[in-house]
Each structure stands twice: as C-alpha cells, then as structure tokens.
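Working notes, structure below.
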Amino acid sequence: MPTRRELLFSVGGGLVGGVGVYTGMSALSTGYADIEWANERDREVWVETAVTSTDGLFSSAEVEYESRYRIFPTQHSRSGDSNVVETGTYDVEVEIESKDGSQSAGPFNKRWTPADCSHQRLIIRILEDMSVEFLQKEC
C-alpha cells in the first residue's frame, strides 16, 4: 500500500507533467490566416496576389498562395480566401491592373507575420491612385 508521501508525489508529478504537455502543445499549435481585398477606386481592377514563405533554417522560400481576382469597387473589404497560410512569416506581393489592361501598378510588398490565432486577416486596400494599403486585422 502506497504511503501518503508517495501518493502526494505521484499526484503532484502528474499535475506538473500535464501542465508541461499542455504548454508544449500550445506552443506548437498554429492558426490560419485569411486575405481580403477592398477596391476604393470607382472602377473594377484585377489584383494578383502572391504569398511566399521566407527562407527558414532548413528550407528555402516557396510560394504558398497565388491568386488573380477581379475586384469590384467597394468601400469595405470583401471576403477573400480563408486559411491561406499557417502561422509564420511571409512576403506578400500585390500587383494591380485596370480592367482593360491600360494601367498597372506594383509590385507592392509587405512582410506579414500572422499571429498564433484563428483566422487573422490581411486586408489589401486598393486606393484611388492604384496604390495599395495593407491592414492587418488581429484576432
């Protein structure tokens, strides 16, 4: 039959071990990030977006996401693509082209580090002069 001291040590060890496992799992968890667009011009545009991972310790940069969308005029962001990338550090490149192809602007670049939470958003605003503003919406 275990003594009181042995029982206390075993319960205490289980609690400490459980907290350690929970902390480790929490540190390894990842969130996902979304991209949205807003076109503040009075006419539609084509937007090309590329998200590239940055060079890591054991890996080289690679394209994680690419899109080409026609974005209609709006004063607010429209839903975009969900779960584009996991938590990490990425380079985002955006190029804008008028609907008829007569004007283009870019590339515009941003280093993006989505937080470790669910569905953080990067909002890409196309301004009237065809420049781009990047907004990061925290969770």
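Assuming Val47 fulfils every condition listed in (1) over 17 Å from Glu133 (Cα atoms); (2) surrounded by 14 or more Cβ atoms within 10 Å (Cβ to Cβ) apart from one, which condition is it?
(1)
Does region 100-121 include one or more residues that are in contact with a Ser or Thr (Cβ under 6 Å, 6 or more places away or on another chain), assigned to a strand (DSSP E or B) and in the same structural domain as Arg43 (by TED's automatic domain parsing)?
no
What number of residues within region 32-68 satisfy the criterion of being more than 25 Å from Ala115 (Cβ to Cβ) and assigned to a strand (DSSP E or B)?
Residues in region 32-68 being more than 25 Å from Ala115 (Cβ to Cβ) and assigned to a strand (DSSP E or B): 5 in total.
Mind checking which residues of region 89-107 are over 15 Å from Val45 (Cα atoms), without any contact (Cβ under 8 Å) to a residue 40 or more places away in the chain and surrounded by 15 or more Cβ atoms within 10 Å (Cβ to Cβ)?
Selection gives Tyr90 alone.
Give just the number: which of (1) exposed (fewer than 12 other Cβ atoms within 10 Å of the Cβ); (2) touching an Asp or Glu at 6+ places or on another chain (Cβ under 8 Å); (3) at pLDDT below 80 does Arg68 not satisfy?
(3)
The values are calculated or read from the model by the stated rules, or taken from the named source; none is laboratory data. Everything numeric here is computed off the predicted structure, so don't read it as measured data. Virtual Cβ from ideal backbone geometry, glycine too; neighbours counted across all protein chains shown.
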